[in-house]
Amino acid sequence: MARHLYLEHDGKVLLVNMDGIGPQDAVMGRQGEVHLRLPSETEVADMGISWTERRTNRFSLDGIEHEVVCALPDIVWPEKWTWKDKLISDNCVDPVARESVYRSLHRVVSKVILINPKGEIAMAKVKRGFFTGHWTLPGGFVDYAEHPHEGAVREVLEELGVKISILDHNPLAISERIFTSEGIQFLSFTYKCQVPTGTVFKPKEDEIEEARFFTISEALSRAASLFDVEALQMLEE
């Protein structure tokens, strides 16, 4: 297994050339052979840079297993390091480095706790995605250039056919998780919203199998997502 060190500070990443000499700067849109890469731990130590490990990610590229130590360098400002936003479009940078930047980006989701006048919670049984066949709070991925609050309203309309208005724009819960060793990070915003008696669901046929109300204890016992469990527990408190 190949091992690499991914050092990022204030949006900048340390790259070296194939001889381990750095820092090196990326060039957006450049084409050519790979000649820049992430450094090894030994190469960074030789530069006199210490670091604090955050986590280790493992993934496969072209049949080769890679282990990437993600760490925070103990420096004030990496003036000559390359911006991560430049690195991703430079084809002369090793794909392992570009993949590591990709994994450092948050995946943002928005969820909604819909509460009827009886205090019951709406949940949806999904047909596809991470939680196929399980019950979750309505919600999903936030679109580009969309606020999590806007995404929550949109997702409820798309999934359940219900138009809602979330009066409190402050989320009930904000949660973060990295679920697998590959290092994809999720950030979840969960809002709460009152809905009137007689609210009728019109589930999106290709995505939602069923939607209905449960007591909060029933919702907790059925919730498949840790994000949902955390938000429901906060509501219960």
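The values are calculated or read from the model by the stated rules, or taken from the named source; none is laboratory data. Bear in mind that the values here come from a model prediction, so they are computed numbers and not experimental data. Positions of Cβ are generated from backbone atoms using ideal geometry, with glycine treated the same way; all protein chains shown enter the neighbour counts.
A compact table of results
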quantity	calculated
Qualifying residue in segment 171-179 (condition: farther than 22 Å from LYS125 by Cα, of a type in the set (Val, Ile, Thr) and touching a strand residue (DSSP E or B) at 6+ places or on another chain (Cβ under 9 Å))	yes
Residue list for segment 35-53, filter: of a type in the set (A, V, I, L, M), under 28 Å from the mean Cα position of the chain (by Cα) and in a loop (DSSP other than H, G, I, E, B)	LEU38
Residues being in contact with a Phe, Trp or Tyr (Cβ under 9 Å, 6 or more places away or on another chain) and either in a loop (DSSP other than H, G, I, E, B) or over 15 Å from TYR102 (Cα atoms) (or both) - total across segment 55-66	1
Subset tally (residues that are under 20 Å from ARG103 (Cβ atoms) and among the acidic types (Asp, Glu)) for segment 1-43	3
Residue in segment 210-226 that is farther than 30 Å from HIS66 by Cα, surrounded by fewer than 16 Cβ atoms within 10 Å (Cβ to Cβ), touching a helix residue (DSSP H, G or I) at 6+ places or on another chain (Cβ under 6 Å) and modelled with pLDDT of 95 or more present	no
Complete set of residues in segment 92-130 that are over 16 Å from the mean Cα position of the chain (by Cα) and in a loop (DSSP other than H, G, I, E, B)	CYS92, ASP94, ASN116, PRO117, LYS118, GLY119, GLU120, LYS127, ARG128
Residue that is nearest to LEU72 (Cα to Cα) [pool: residues in segment 1-43 that are polar (S, T, N, Q) and touching a residue at least 24 places away in the same chain (Cβ under 8 Å)]	SER40
Selection within segment 8-19 - closer than 19 Å to PRO95 by Cβ, assigned to a strand (DSSP E or B) and over 19 Å from the mean Cα position of the chain (by Cα)	VAL13, VAL16, ASN17
Pair list, Cβ under 9 Å, 6 or more apart: segment 139-167 residue in the same structural domain as PRO203 (by TED's automatic domain parsing) and of a type in the set (Ser, Thr, Tyr), other residue assigned to a strand (DSSP E or B) and crowded, with 16+ Cβ neighbours inside 10 Å	SER165/CYS193
Residues being closer than 17 Å to GLU155 by Cβ and among the basic types (Lys, Arg) - total across segment 165-222	3
Matching residues in segment 177-231 - criterion: being of a type in the set (Val, Ile, Thr), in contact (Cβ under 8 Å) with a residue 12 or more places away in the chain, within 30 Å of ARG54 (Cβ to Cβ) and assigned to a loop (DSSP other than H, G, I, E, B)	ILE184
Number of positions in segment 78-91 that are of a type in the set (Lys, Arg) and not in a helix (DSSP H, G or I)	1
Selected residue (criterion: farthest from ARG107 (Cα to Cα)) from residues of segment 149-193 that are surrounded by fewer than 19 Cβ atoms within 10 Å (Cβ to Cβ) and among the polar types (S, T, N, Q)	SER165
